[in-house]
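First up is the structure itself, then whatever we jot down about it.
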Amino acid sequence: MNTLEKVAVEDVFHQQQQHVAKQKLTTARERIALLTKLKNALPAVKDKLVEALAKDVGKPAFEVGYMEIAGLAAAIDQTCASLETWMQSETRPSAIDPKANIEIRPEARGVVLVIGPWNVPFLLALEPTVAALAAGNCVMIKPSELTPHTSKVIKEFIPTVFAPEVVSVVEGGVEETTTLLQLPFDHIFFTGSPNVGKVVMAAASKNLTTVTLELGGKSPVFIDKSADLKRAATAIMHKKIINGGQICIAPDYILIPEDIEYAFVAELQKAAQRLLYNNGKFTGGDMSHVINQRNYDRLKGLFNDAVSKGAKVAFGGTFHDDVNQIEPTVLINVPLDSKIMQEEIFGPLLPIIHYKDLQEAIDYVNKGSKPLALYIFSKENKAIEQIVAQTTSGGVTVNEAMLHVFDPTVPFGGVNGSGMGAYHGIYGFRELSHLKTIYYASDAPLDETLYPPFDKKQKN
Ligand code: NAD
């Protein structure tokens with residue numbers, strides 16, 4: 001970023017800083033009008049987005065439609081329907097003086113920086129923006145540089161909807177983000193990897209800026225003996241191939257009793273065939289490719305490392321170097337010390353680990369970083385409750401995968417290594433608000449018993 005560009009970014013930031021006092025005072029009706037304007041503009045950007053995401057990551061148009069566009073429209077609808085209620089202050093008598101009144105008022109945080117990832121680049125830049133606008137903030141968006149065509153679409157789209165003092169976009173990569181992170185934002189909403197999350201949090205600490213960190217990690221799948229294996233296999237394979245497995249809450253690895261592993265792998269293979277093959281021939285068009293060469297090589301490295309340490313390829317293992325695509329690949333007998341069991345996979349490779357008893361599997365998960373998502377396939381309530389109660393994760397879906405992220409009324413976020421803070425629905429509104437307590441004192445006589453001078457009081 002040259003000096004002129006840096007000055008331009010700082011100018012936008014100062015413009016937003018000056019404007020935010022006005023933005024904070026906007027009514028529910030004004031905020032709903034702003035969000036409705038965004039929703040109404042979505043159909044016009046859809047085709048450009050489909051084209052950009054096809055170029056950036058080979059994302060099928062259908063996935064763009066339901067994830068990037070419909071997902072955002074649903075979040076806007078839900079916000080607009082409830083915003084007036086969310087904005088209301090909580091009022092009640094004080095617990096220390098029933099004649100005094102308490103108000104707890106959600107107040108905008110101020111100027112918010114939204115840093116987006118590349119994997120769902122439109123939705124994950126704009127959904128936090130919707131929450132921030134609902135709460136009365138101004139927003140600077142930094143989309144991911146790894147999806148440059150989509151970043152350009154966002155850069156051109158936002159000024160057609162918002163004035164720059166309300167929402168603006170700064171494009172760029174590490175250098176530009178580093179510059180942005182030096183500015184004293186009132187809040188930073190970051191979606192990305194745990195490693196960069198640490199960089200963001202360290203930078204935020206210099207200004208004591210609050211942060212929301214939506215990170216990733218290894219999301220395990222527990223399957224027990226009572227599970228419906230066909231249903232489990234279909235759900236897991238489907239969620240593993242969305243976006244080419246490049247989803248923060250994609251099933252990362254499977255934990256299963258050894259005696260049902262073979263039957264389960266057979267079901268997984270049938271599911272992969274149904275979803276992505278035509279008469280046994282891979283039809284790659286319905287699955288995004290790996291985002292770039294670096295990640296493609298990284299995934300190949302994970303695969304080769306596991307195989308060299310003794311893992312067996314149950315099926316898949318075909319790498320299409322010309323298009324950076326990997327056919328859904330299931331690995332069994334995977335050594336726990338292989339790299340594929342140490343880092344977030346973020347691609348269509350699926351290792352399977354067996355366990356003898358459920359407690360052993362729970363203990364294994366608890367040794368690692370707290371997952372963003374955790375999945376359980378079982379018909380036994382006791383087993384389900386044992387896993388839910390003894391593990392910690394951002395969220396859980398039972399007998400399916402990922403569905404908790406699609407319900408716009410529940411909090412979505414990680415815990416420690418997988419993130420902090422949550423959003424979606426009212427949780428996003430609150431995350432982007434400061435809850436300000438206002439104490440309206442009663443006209444009861446002043447309680448002077450606690451006032452100095454204390455000498456005389458201590459003697460009494
Ligand atoms: P990333 O951390 O590499 O990049 C995210 C953003 O940070 C980008 O805008 C990038 O420009 C910026 N960035 C990268 N390096 C930086 C640095 N050194 N200093 C400052 N900024 C920097 O993540 P990604 O590859 O775009 O996304 C994949 C990761 O995001 C995965 O770990 C995935 O699980 C996670 N993710 C989480 C969620 C969620 O909602 N929790 C959603 C999507 C992705």
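The values are calculated or read from the model by the stated rules, or taken from the named source; none is laboratory data. This structure is a prediction, so every number in the text was calculated from the model and none was measured. Please note: Cβ atoms are built from the backbone with ideal geometry, for glycine as well, and neighbour counts cover all protein chains shown.
Structure notes:
- Those residues of the range 246-272 which are buried (at least 18 other Cβ atoms within 10 Å of the Cβ), among the aromatic types (Phe, Trp, Tyr) and assigned to a helix (DSSP H, G or I), in sequence order: Phe264
- Selection within the range 163-181 - under 14 Å from Gln17 (Cα atoms), under 22 Å from the mean Cα position of the chain (by Cα) and not aliphatic (A, V, I, L, M): Ser168
- Test: residue in the range 94-110 that is free of Cβ contacts under 8 Å to residues at least 24 places away in the same chain, away from the ligand (no atom under 16 Å from the Cβ) and not β-branched (Val, Ile, Thr): yes
- Here Glu171, Glu165 are screened, and the one residue that is part of a loop (DSSP other than H, G, I, E, B) and either buried (at least 24 other Cβ atoms within 10 Å of the Cβ) or within 16 Å of the ligand (Cβ to nearest atom) (or both) is Glu171.
- Yes/no for Gln293 being of a type in the set (S, T, N, Q) and more than 16 Å from the ligand (Cβ to nearest atom): no
- Odd one out for Ala444, checked against (1) in contact (Cβ under 8 Å) with a residue 40 or more places away in the chain; (2) closer than 30 Å to Arg294 by Cα: (2)
- Among the conditions (1) touching an Asp or Glu at 6+ places or on another chain (Cβ under 6 Å); (2) β-branched (Val, Ile, Thr); (3) part of a helix (DSSP H, G or I), the only one that Ile345 does not satisfy is (3).
- Residue satisfying all of: in the range 273-290; in a loop (DSSP other than H, G, I, E, B) and buried (at least 16 other Cβ atoms within 10 Å of the Cβ); farthest from the ligand (Cβ to nearest atom) among these: Met287
- Strands (runs of 3 or more DSSP E) wholly inside the range 51-132 that include at least 3 residues being closer than 27 Å to Ser442 by Cα and assigned by the TED database to the domain that holds Ala422: 90-93, 101-108
- Check on Val199, assigned by the TED database to the domain that holds Lys46 and either within 12 Å of the ligand (Cβ to nearest atom) or in a strand (DSSP E or B) (or both): yes
- Check on Val405, under 29 Å from the mean Cα position of the chain (by Cα), within 16 Å of the ligand (Cβ to nearest atom) and not in a loop (DSSP other than H, G, I, E, B): yes
Here is a yes/no grid of residues against (1) over 26 Å from Gly197 (Cβ atoms); (2) assigned to a strand (DSSP E or B); (3) among the polar types (S, T, N, Q):
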{"site": "Ile340", "(1), (2), (3)": "no, no, no"}
{"site": "Leu350", "(1), (2), (3)": "no, yes, no"}
{"site": "Ile353", "(1), (2), (3)": "yes, yes, no"}
{"site": "Ala361", "(1), (2), (3)": "yes, no, no"}
{"site": "Tyr375", "(1), (2), (3)": "no, yes, no"}
{"site": "Val388", "(1), (2), (3)": "no, no, no"}
